[in-house]
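Okay, structure first, notes after.
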Amino acid sequence: MRKTLSLVLAAAMLSTTIAACGSSNNTATTTAAAAETTAAAETSAAETTAAAGETADASAAQDFAGQTLTISTFSFNAELLQKNIYDPFMEQTGAKLVVETGKNAERVTKIEESPENYDVVVISDSFAAQLGNDGVLGNIDRSKIANLDSIYDVAKAPMGEEYGPAYTFNRLGIVYDPSMTDVEIKSFADLWNPELKDCIAVPDITTTSGVLFYYATAAAFGLTPGQDDDAIFAKLEELKPNVVKTWTSANDTITMLNQGEASVAALLDYSYTTAKQANPDYVWVSPSEGNFACFNMLNITKDCKNKDLAEAFINFYLSKDVQQADALDGVDAPVNTEVELTEEQAANFTYGQEMVDSLVLPDWSLITEKKADWINRWNELFSVQ
């Protein structure tokens, strides 16, 4: 289903919620006029964003009036992204953004079928690797993205100079409800405790989180993906009695926790920020096996119709003010090193040089090679989930 969101000049901004990750694709078309009303309609969090919109980046102030940029992105935090990124960018550039959302796998299928329909792809690393391997992504001109100088080195070209930068990192951890289980969880290996029978939601291997969980399973038992796959799947088979759900939507998994359908879930850190809004007693665990992490990326397609506008958008997305606004709203962990957060604001975010240096990043070339086999074996194992 496609929704068209037309934002017009008014005393307050009309906000339309783009459906969560589990929904079908949605499209929001936004116009520059909406940005003029944002500051008047929002509260203190938005005041920070308004300042960001005014100062975010000089390069975004080019005149792109009448031009359109089509973006494929995630469906979560749609209203906050509208406020923090889309509206300020349109106000500064005069451009119109068409935003289409959906699950990663579904979006990849649409982009590969019709790459000419998209300009910018905001997507996680594993799916960016797939798009790159399939020849769908285009090269960016790094000289036009000045804010690359202000982000962590590991975020500048995580998949090579020919592809875009990362704009956020996420760690895989464990979230559990202490009122629903007496098991103290400190590691991924603890999930194999028989007392957790029918308690755990784990990410499906078709998701980025699922690949991280595969790597975490290997680490928990001293195994190596690509070399010890038989042994890794044997351990996953041992885990199966504890698994109540293999998830493809983090939002749906949080709902399961809230409704008591699961008491433990392997989730990315940004999802914990959302989960604890419903239940502040949920516990976050940074497992002892390490900080297995992924990154979300900003890329352009090979058929991008307006490369200059796309690169201006990427540069704007990486600016200090935009990254600060997103972090303060709990949307994304910043990669811009100039962003300053208090200890409380940074809680459960992948933030700071020390944390970034601790990240364990999977080998996406190996994953691209092995993923089809891993998916087949996973589906055979968890076919009833």
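The values are calculated or read from the model by the stated rules, or taken from the named source; none is laboratory data. Everything numeric in this text was worked out from a predicted model, so none of it was measured. Methodologically, a virtual Cβ is constructed for each residue, glycine included, from the backbone with ideal geometry; neighbour enumeration extends over all protein chains shown.
As a summary of the residue check, PHE233 satisfies the conditions (1) within 24 Å of the chain's Cα centre (by Cα); (2) in contact (Cβ under 8 Å) with a residue 12 or more places away in the chain except for the one numbered (1). Tell me, which residue of the range 236-270 that is among the polar types (S, T, N, Q) and in a helix (DSSP H, G or I) is farthest from the chain's Cα centre (by Cα)? Checking each candidate, the answer is ASN242.
Select from the range 312-330 the residues that are of a type in the set (D, E, K, R) and either buried (at least 24 other Cβ atoms within 10 Å of the Cβ) or at pLDDT 95 or above (or both) and list them in ascending order. Matches in the range 312-330: LYS320, ASP321, ASP326. Among the numbered conditions (1) out of contact with any helix residue (DSSP H, G or I) (no Cβ under 8 Å at 6 or more places or on another chain); (2) over 16 Å from LYS156 (Cα atoms), the only one that GLN353 does not meet is (2).
Looking only at the range 371-379, decide whether some residue is at pLDDT below 95 and either under 20 Å from LEU148 (Cα atoms) or buried (at least 18 other Cβ atoms within 10 Å of the Cβ) (or both). Yes, there is a match, as at least one residue in the range 371-379 is at pLDDT below 95 and either under 20 Å from LEU148 (Cα atoms) or buried (at least 18 other Cβ atoms within 10 Å of the Cβ) (or both). The set of residues in the range 71-120 that are β-branched (Val, Ile, Thr), free of Cβ contacts under 8 Å to residues at least 60 places away in the same chain and in contact with a helix residue (DSSP H, G or I) (Cβ under 8 Å, 6 or more places away or on another chain) comprises THR73, VAL108.
In this structure, VAL339 does satisfy being modelled with pLDDT of 95 or more, under 30 Å from THR93 (Cα atoms), among the aliphatic types (A, V, I, L, M) and in a loop (DSSP other than H, G, I, E, B).
Filtering the range 197-208 for residues that are of a type in the set (Lys, Arg), part of a loop (DSSP other than H, G, I, E, B) and surrounded by fewer than 17 Cβ atoms within 10 Å (Cβ to Cβ) leaves a non-empty set.
Residue-by-condition table, conditions (1) out of contact with any Cys (no Cβ under 9 Å at 6 or more places or on another chain); (2) assigned to a loop (DSSP other than H, G, I, E, B):
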residue	(1), (2)
ALA105	yes, no
VAL108	yes, no
GLU112	yes, no
ILE123	yes, no
SER126	no, no
LEU131	yes, no
ASP149	yes, no
VAL154	yes, no
MET159	yes, yes
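None of SER124, SER114, SER143 is hydroxyl-bearing (Ser, Thr, Tyr) and under 17 Å from PHE313 (Cα atoms) except SER143.
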